[in-house]
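Here the structure comes first, spelled out in structure tokens, and everything after it is commentary.
The values are calculated or read from the model by the stated rules, or taken from the named source; none is laboratory data. Since we're looking at a predicted model, the values are computed, not measured. In this analysis, Cβ positions are derived from the backbone assuming ideal geometry, glycine residues included, and neighbour counts consider all displayed protein chains.
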Amino acid sequence: MKKLLLLLALPLAFFSCETEQAVKKPNVIFIMTDDHAKKAMSAYEGSVMETPHLDQLASEGVLFDRAYCTNSICGPSRAVVLTGKHSHKNGFMSNHDTFDGDQTSLAKYMQGAGYHTSVIGKWHLVSKPQGFDDYKILLGQGEYYNPRFVSSKGDTSKIEGYATSLITDMAMDVIGEQKAADKPFFMMLHHKAPHRNWMPDSSYLRAYEEKHYDLPDTFFDNYDGREGAKGQDMRVDDMFWSSDMKLPIYEKKGDPGTGGFATANQARNWERAYNDLTPDQKAAWDEYYVPLIEEFYKTKPEGKELAQWMYNRYMNDYTKTVQSVDDNIGRLMSYLKEEGLDKNTLIIYTSDQGFYLGEHGWYDKRYMHEPSFGMPFLVRYPDGIKAGQKSSELVQNLDVAPTILDFVGEPIPEDMQGTSLKTLLTTSEDADWQKSIYYHYYQGTGWHHVPRHNGVATDRYKLMHFYDIDDWQLFDLETDPDEMDNLYGKSGYEEKTLEMKTELKRLIAKYDDDTA
Ligand code: CA
């Protein structure tokens, strides 16, 4: 029947302007948030919050529940998405690096394919964006309130408002312009949220009272048998009291928290951020936080009570910044529907990596453990992908660029190291799909003191190597999903260890990682 319809349609298409319609390239919107944990999206199991708009996006397309990054930190993850290459190949290995914009990239290929290309929101690759016809990027990490944007016209402007909403407004403006110009567009829409220091929009400050969040079972982890987990500074109970907890610091000796970078003058930085709020924003802010601050200094919680108080503070602010993302995804989707662009637009929603919401006592990312190695990954494209699918295949941010090029009918460059997800997305299965994935975290110095490590993950097992301290960790995700029990060196696991080490070597060779 399908064939018959196609045959009937062909002559019509051939002789009319329908030709253009029939081959009209899909638009592409790649939406990436910053540090969005799967546990903060109700499309995933065990979510701590409701995200109705993201859930709807997932139900209208494909949800991947085993999607991972290759290097769990902001800048490097962005470089991987843009190039389809591992960090050691694109050169942006840690946040101390500068992206070499002269190299080939997804944006440049899309531009070459006749697309209008844009990046709106967080960039974080230091060098000037190349391959984009239009950009409006946050300066550096960007601010939640009244952020500064650098535009492709070369100007920097501070815009009053809340980052997540402003970025969405700007994106809709660019989409509107491209619709008017009848040009296919490729947009990278990169939110700052929910990156640290989690400043909620004023509408959410008034929305509801501080909620209680149960500490995860692994919150008081003592890292026994896992040397690589011991030296870090990313525990929730060591957070900065100022910028993270939003407390004024009255003592002269400064912030009691170490916050991952003990020598940072965070109390002063926080004062500056607070003073940057407009009088109206400040009024909404104070209305919520002043009673909390007063109560805290009156009751002065200590020990486990302090840890719970800090966890609640962290989770309340984090989830509220995600709530704004969810609202704005809803706003964007409504806009696309109104404009008739929702069917022929390929939308990918993901985060640059996951995040700890108290697992192992942590916030932040970097480790190859599930909460920060994994990330949400949704794909919606009504004209080309069936709704309501779920995939548990192991996919990575490395696969984004090849996937997008594949969907718009462009060849996938041979030097890209990822694989197109098109077969998985359109047929729900791919018998030849990879059974293991590679990871390499390079930023051993600076913030949070997480030692460098690489590793391999399969459907069930994970092997990590903290090579600077020669610590190996092997986990069975089926019997130990929280990754607490290091099986490396334990009797009975000799064969599995050897198998995983062999697989790690194979992947190092496959991806030509000469830094490993
Ligand atoms: Ca990030």
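Things worth noting here:
- Strands (runs of 3 or more DSSP E) within the stretch 428-516 that include 1 or more residues touching a strand residue (DSSP E or B) at 6+ places or on another chain (Cβ under 6 Å), of a type outside the set (Gly, Ala, Ser) and without any contact (Cβ under 8 Å) to a residue 24 or more places away in the chain: 471-476
- Residues located in the stretch 123-168, provided they are among the charged types (D, E, K, R) and either surrounded by 15 or more Cβ atoms within 10 Å (Cβ to Cβ) or farther than 24 Å from Asp35 by Cβ (or both): Lys128, Asp133, Asp134, Lys136, Glu143, Lys153, Asp155, Glu160
- The stretch 89-120 - residue that is free of Cβ contacts under 8 Å to residues at least 40 places away in the same chain and within 16 Å of the ligand (Cβ to nearest atom) and, of those, surrounded by the fewest Cβ atoms within 10 Å (Cβ to Cβ): Asp97
- Ser334, sole failed condition from (1) buried (at least 18 other Cβ atoms within 10 Å of the Cβ); (2) away from the ligand (no atom under 16 Å from the Cβ); (3) at negative phi: (1)
- Only residues that are touching a Leu at 6+ places or on another chain (Cβ under 6 Å) and more than 30 Å from Glu227 (Cβ to Cβ) were counted in the stretch 418-452, giving 2.
- Checking every residue in the stretch 352-364 against the condition of being closer than 20 Å to Leu424 by Cβ, within 16 Å of the ligand (Cβ to nearest atom) and outside any strand (DSSP E or B) gives zero matches.
- Number of positions in the stretch 174-198 that are within 16 Å of the ligand (Cβ to nearest atom), in contact with an Asp or Glu (Cβ under 9 Å, 6 or more places away or on another chain) and not aromatic (Phe, Trp, Tyr): 8
- Counted residues, the stretch 78-124 - those being closer than 30 Å to Met464 by Cβ and in contact with a helix residue (DSSP H, G or I) (Cβ under 6 Å, 6 or more places away or on another chain): 15
- Test: residue in the stretch 184-198 that is modelled with pLDDT of 95 or more and over 21 Å from the mean Cα position of the chain (by Cα): yes
- For the stretch 292-313, the count of residues that are within 16 Å of the ligand (Cβ to nearest atom) and either in contact with a His (Cβ under 7 Å, 6 or more places away or on another chain) or within 21 Å of His190 (Cβ to Cβ) (or both) is zero.
- Residue in the stretch 400-408 that is in a loop (DSSP other than H, G, I, E, B) and within 29 Å of Ile347 (Cβ to Cβ) present: yes
- The stretch 138-159: number of residues that are in contact with a strand residue (DSSP E or B) (Cβ under 7 Å, 6 or more places away or on another chain) and free of Cβ contacts under 8 Å to residues at least 40 places away in the same chain: 10
- Options Val408, Val395, Val400, Val379; residue that is within 16 Å of the ligand (Cβ to nearest atom) and among the hydrophobic types (A, V, I, L, M, F, W, C): Val400
- Residue in the stretch 291-303 that is free of Cβ contacts under 8 Å to residues at least 12 places away in the same chain and closer than 22 Å to Asp364 by Cα present: yes
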